[in-house]
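Below: the structure, in structure tokens.
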Amino acid sequence: MNGEDAAAWIRRAAELVAADAERLTRLDAAIGDGDHGLNLDRGFTAAVAALPEGAVPGKVLIAAGRAIVSKTGGASGPLYGTALRRAGKALGDAEDVDAAALGAALRAALEGVQELGQAVEGDKTMVDALVPAVAAYEAACEGALPGGDLAACARAAVEAAGKGAEATVPMQARKGRASYLGARSVDHLDPGAASTVLILRALADVVEG
Ligand code: ADP
Ligand code: MG
Ligand code: MG
């Protein structure tokens, strides 16, 4: 993955978020305040506008994360912005990122989300999609040669994220606005877990070429 691929990831994520913004907002209307699609659409639009020309992947992700933090309302803005900034920082100045380096960046993104939001698996948040996604990515890449199959690792991550998101349906929220609903948050898909699937799908789409 070079800098252009990283920029393509952000552009593809913006496309997928825009296409699903209404669904995300509907999910958030059920257990939150009905702005998740709108928040992310605004954030990723700003991220696309902030993409630097000819930069290394790490710098691309840091610029996107910064734009998302500054332009996205709600809990999800700082969380996704931090995720992208941490991922970018983990990639450093590398011109070309292999499967292992991207796995380390995804792990760093997850750590950033958990540090900031203090959510663990089972709290019914984006963490429930991200934790299995990072684990599946790492498992798929274990033993992969340097420059190994990035696309296969990313696809494994998306599949695990989708299952993790589905698993939030029966959960009772313990973090974020949905937690104010107590037992009434049960039987709904968490909007942040749903958007995490989209962002990882964008990565898989781009690295599959
Ligand atoms: P807000 O709830 O402030 O309106 P959004 O609607 O944009 O923000 O985002 C809501 C999503 O953010 C939730 O569905 C959940 O996945 C995620 N979220 C909320 N709080 C946390 C947290 N502390 N840690 C991780 N994710 C969280
Ligand atoms: Mg909301
Ligand atoms: Mg809100």
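All of the numbers you see were taken from the coordinates with simple rules; none came from a lab. Please read all numbers here as calculations on a predicted model, not as lab measurements. Ideal geometry is used to build each Cβ from the backbone, glycine not excepted, and the neighbour counts take in all protein chains shown.
Applied to region 161-174, the Karplus parametrisation 6.51 cos²θ - 1.76 cosθ + 1.60 on θ = phi - 60° returns per-residue 3J(HN,Hα) values of 4, x, 5, x, 5, 4, 5, 6, 4, x, 7, 9, 5, 10 Hz, with x for Gly and Pro. Of the GluC sites (Glu not before Pro) found in region 1-82, those in coil by DSSP whose Cβ has at most 15 other Cβ atoms within 10 Å are Glu53. Using the rule -39500 (n - 2.57) for each DSSP H run of four or more residues, divided by the residues of the chain, the 222 nm mean residue ellipticity is -23000 deg cm²/dmol. For the pair Lys89 and Val120, a Förster radius of 30 Å applied to the C-beta separation gives a FRET efficiency near 0.85, rounded to the nearest 0.05. Computed from phi, the 3J(HN,Hα) profile of region 22-37 under the Karplus parametrisation 6.51, -1.76, 1.60 (θ = phi - 60°) reads 5, 5, 4, 5, 5, 4, 6, 5, 6, 10, x, 10, x, 10, 4, x Hz, with x in place of Gly and Pro. Note on the chain: with charges restricted to the Cβ of Lys and Arg (+1) and Asp and Glu (-1), its dipole about the Cα centre is near 680 debye. Scalar couplings 3J(HN,Hα) for region 63-72, obtained by applying the Karplus form with A = 6.51, B = -1.76, C = 1.60 to θ = phi - 60°, are 5, 5, x, 4, 5, 5, 4, 7, 10, 9 Hz; x denotes Gly and Pro. Summarising the amide proton neighbourhood of Thr168: residues at separation of 5 or more, or on other chains, whose placed amide H is nearer than 5 Å comprise Asp190.
Compute the label zone of Asp33 within region 51-78: residues whose backbone N is under 20 Å from the point 7 Å along Cα-to-Cβ. The answer is 68-78, whose backbone nitrogens lie closer than 20 Å to the label point. With both labels modelled 7 Å from their Cα along Cα-to-Cβ, the Glu208 to Arg23 distance reads 1.5 nm.
Which values of log₁₀ I(q)/I(0), to two decimal places, follow from the Debye formula for the chain at q = 0.10 Å⁻¹ with a uniform point scatterer at every Cα? Values returned for q = 0.10 Å⁻¹ are -0.37. A dipole drawn for the chain from +1 and -1 charges on Cβ atoms has a positive end, and of Gly34, Cys141, Val48 the residue lying farthest that way is Gly34.
In this entry, region 23-85 is assigned a mean projected area of 4.0 nm², taken as a quarter of its C-alpha convex hull surface. Between Gly74, Gly37, Gly112, the residue with the greatest mean-square fluctuation in the GNM of the chain (Cα pairs under 10 Å linked by springs) is Gly74.
The loop-placed GluC sites (Glu not before Pro) in region 90-138, going by DSSP, that have at most 12 neighbouring Cβ atoms within 10 Å of their Cβ come out as Glu95.
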